[in-house]
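Below is one structure, written out as structure tokens; the observations come after it.
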Amino acid sequence: MAGTTHVLSPVLSPENTPFHPGFTKFKDGYLYCESRRVDEIMELIGKQSFYLYSKPHITRIFQTY
């Protein structure tokens, strides 16, 4: 992706909620995928429809088969 931005990774704590494997809703109210805010990813691609996957989660699923 051109113009990649770096986001500081929030720390997982009891106030943070695992949402789906690879995704977490942190106490700041934002949904993250692998420490990247999903809304920032949406801004980078222009707020169009997209699929967002967690590479570690897909890798774990693949390795179980």
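The values are calculated or read from the model by the stated rules, or taken from the named source; none is laboratory data. The structure displayed is predicted, hence computed values, not measured ones. Glycine also receives a Cβ, built like all others from the backbone with ideal geometry; neighbour counts cover every protein chain displayed.
Just a few scattered comments:
- L8 fulfils the conditions (1) at pLDDT below 90; (2) surrounded by 10 or more Cβ atoms within 10 Å (Cβ to Cβ) except for a single criterion, (2).
- Contacts under 7 angstrom Cβ, first residue in the stretch 41-64 being more than 18 Å from H20 (Cβ to Cβ), partner among the aliphatic types (A, V, I, L, M), 6 or more apart: L44/M1
- Cβ separations smaller than 9 Å between residues 6+ apart or across chains give the following pairs from the stretch 18-33 residues that are closer than 21 Å to F62 by Cβ and small (G, A, S) to residues that are modelled with pLDDT of 85 or more and part of a strand (DSSP E or B): G22/C33.
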